[in-house]
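Visitor: Quick one: the structure is below, questions incoming.
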Amino acid sequence: MPDFAIAVDLGGTNLRIAAVSTEGRMLEKIGVSTNSAGPHHVIDDMCDAIQRLSTKHRGYGSLIGAGIGIPGIIDLDAGVVRTSANLPGWENFPVRVEIEKRLGTRISLENDAKLAALGEQWLGAARGVDNMGMITLGTGIGGCIVLDGKIFHGMNGMAGEFGHITIEPEGVPCGCGNRGCAERYASATAVLRMAREAIAAGNAPQLAQAVNAEAEFGAKSIYELAMQGVKPAQQIFDRFGRALGIMLADIVNVLNLEMFVIGGGVSSAWDAFAPKMFEELRARSTIYAATTPPDVPTDGSVPAQRTGKQTIIARAQLGSDAGLFGGARLPQL
Ligand SMILES: [Zn+2]
């Protein structure tokens, strides 16, 4: 009989908790809004939900543990959140100790983008692929390296920061202190910045019109304009694709992994950025060109038959549940 694990996805606005069988079946998923009264209240809500789900699914098998995904930099040894832009007031909060105190069981913490990679490796695009990388396109760029089915952390958990690879030596300043980082050109934030610049330069009347007309003007609106053939919007996603292609060429050259999975909200703009991304990747990475036939599909699908040792660039398949599946995988490793 299979057992089950509990997964938690702690976001700045939503707290999601799931029970997932060790075979990868989603048994139940619940979501509440993240209590804004501070970490103690959020941990109370989280532990209540974990207890409710583990009692309810007890008949299914035994609970093997809980994996908790948190946005930000986590000190894995101490079980403490170091910094988190999405969770103000959580800096240096002893998350693991507080949860274990309430539940009486051992739990595992991990960065949320890294758990999404683990989920895709277990049940998504990279199912059956032991060595892979994941790139998460959101407000910034998240990254993760999975080796032999496990997250590669580096010395202190910071491995896989693909978003801060330099694309332009004298480029746009980044919050990390560098200039011209990949995420300054290939993220939701970057798309909006480039749109604002095009509008200010006075050569994007359709974008200016859309900003005034749409209350929720964002990267998605610019994507839709690009797909309608609006030139300045297309140029933004060309720039996006080029930056992503340069970044991918570097990581393909360094890591020579079997697969790189691209996920996150902005990956849904695939059709707009992928052509330039593949063009740049092929031109700049000798390893990609040597390991990928020119006629390979560029729609992000995973080839059913993998002939020889190819570098595959695939789209993520699990959507926002990837992190929950990763959280459930964590206690199994
Ligand atoms: Zn940076």
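Visitor: So Thr22 ticks every box in (1) open to solvent by 50 Å² or more (accessible area, probe 1.4 Å); (2) touching a residue at least 24 places away in the same chain (Cβ under 8 Å); (3) under 28 Å from Ile262 (Cβ atoms) but one. Which box is left unticked?
Guide: Exception for Thr22: condition (1).
Visitor: Conditions: (1) farther than 19 Å from Gly65 by Cα; (2) open to solvent by 10 Å² or more (accessible area, probe 1.4 Å); (3) in contact with a strand residue (DSSP E or B) (Cβ under 9 Å, 6 or more places away or on another chain); (4) not acidic (Asp, Glu). Arg127 meets all but one. Number of the miss?
Guide: Only one criterion is unmet by Arg127, namely (3).
For (1) open to solvent by 40 Å² or more (accessible area, probe 1.4 Å); (2) of a type in the set (Gly, Ala, Ser), each residue gets a yes or a no:
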position: Ala49; (1), (2): no, yes
position: Gly59; (1), (2): yes, yes
position: Leu63; (1), (2): yes, no
position: Leu87; (1), (2): no, no
position: Lys114; (1), (2): no, no
position: Trp122; (1), (2): no, no
position: Thr136; (1), (2): no, no
position: Gly140; (1), (2): no, yes
position: Cys144; (1), (2): no, no
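Visitor: Taking interchain pairs and intrachain pairs at least six residues apart, which have beta carbon atoms under 9 angstrom, with the first residue in the stretch 50-77 and of a type in the set (Lys, Arg) and the second open to solvent by 20 Å² or more (accessible area, probe 1.4 Å)?
Guide: Arg52/Ile30; Lys56/Leu27; Lys56/Glu28
Visitor: Then there's this: I'm checking my understanding of the structure. Among residues of the stretch 149-163 that are within 16 Å of the ligand (Cβ to nearest atom) and open to solvent by 60 Å² or more (accessible area, probe 1.4 Å), which one is farthest from Arg329 (Cα to Cα)?
Guide: Per the stated criteria, the residue is Glu161.
Visitor: Let me ask something additional. Give all pairs with beta carbons closer than 6 Å in which a residue from the stretch 164-177 that is touching a residue at least 24 places away in the same chain (Cβ under 8 Å) and over 17 Å from Ile73 (Cα atoms) meets a residue that is within 10 Å of the ligand (Cβ to nearest atom) and not β-branched (Val, Ile, Thr); count only pairs at least 6 apart in sequence or on separate chains.
Guide: If the second residue must be within 10 Å of the ligand (Cβ to nearest atom) and not β-branched (Val, Ile, Thr), the pairs left are Ile165/Ala182; Ile167/Gly180; Ile167/Ala182.
Visitor: Counting just the residues of the stretch 165-206 that are within 12 Å of the ligand (Cβ to nearest atom) and in contact with a Pro (Cβ under 7 Å, 6 or more places away or on another chain), which one comes out farthest from Ala226 (Cα to Cα)?
Guide: Here the residue is Arg179.
Visitor: Something else about it: Determine, yes or no, whether Asn212 is more than 16 Å from the ligand (Cβ to nearest atom) and not acidic (Asp, Glu).
Guide: Taking the combined requirement at face value, the residue satisfies it.
The values are calculated or read from the model by the stated rules, or taken from the named source; none is laboratory data. Values in this document were obtained by computation on a predicted structure and should not be read as measured data. Heads up, the Cβs are rebuilt from the backbone with ideal geometry, glycines too, and the neighbour counts pull from every protein chain shown. Protein only, heavy atoms only, side chains kept; ligands, DNA and RNA dropped before computing areas. Shrake-Rupley method; radii C 1.70, N 1.55, O 1.52, S 1.80 Å.
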